[in-house]
Amino acid sequence: GSADVDVVSGTRLAFNAINWNTYQTVTLGAVDDPDAINGSTVIRFTATGWTTKDVAADEVDDDSQDILTDLDTVYVPEAGTATFDVYLAAKPAANVVVAVARSAGDADITVSGGAALTFTPADYATPQTVTLAAAADAEPAPGQATIPYASPGWAPQHATAHKDGAPPAPLPTHHHRLPTTRCPSAHST
């Protein structure tokens, strides 16, 4: 089975005429791996002259398999393009194809590159780029579209694309000046 699950303690258990019916503890451990796959293995108990006993052990992986991006909101200039990156949170068991397309909103916003991204177990954490394009139009109002990215069996995610709008300006930085105190000049008379 999975090499991620193994015996940590209790590899040799000694039974005799006194303790033969007292349970002894075997401790199993699972290593922290980069995948989100619940591994399983078989732990085998053997003793000379006795029938072998197998126990199934399942790993409960602490990673979640998600599709991630570097941006959830993308601002696309009219008649221009903008990009965001997609990657996987954990190592998949096999290749994963993530489909990216506009699903709702302003039809002037389209996916012009990266509509199908293939991630392998070797490059799952390497970001791949999606390019969005916004067509020029005569509408003065800004547009918005929903851009989902998904793969069968995975939780769908989405980015929001804005056209004709600018990203919010950063909050102004206020410099506080310490109050100054004037000291009266000493005049000698």
Can you give the log10 of the normalised intensity I(q)/I(0) at q = 0.23 Å⁻¹, computed with Debye over equal Cα scatterers of region 73-173? -1.12
Per the 1.4 Å probe, what fraction of the accessible area of region 1-145, in percent, lies on carbon and sulfur atoms? 53 percent
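The values are calculated or read from the model by the stated rules, or taken from the named source; none is laboratory data. All figures in this text were calculated on a predicted structure; none of them were measured in a lab. With ligands, DNA and RNA removed, areas are computed over all heavy atoms of the protein, side chains included. Shrake-Rupley method; radii C 1.70, N 1.55, O 1.52, S 1.80 Å.
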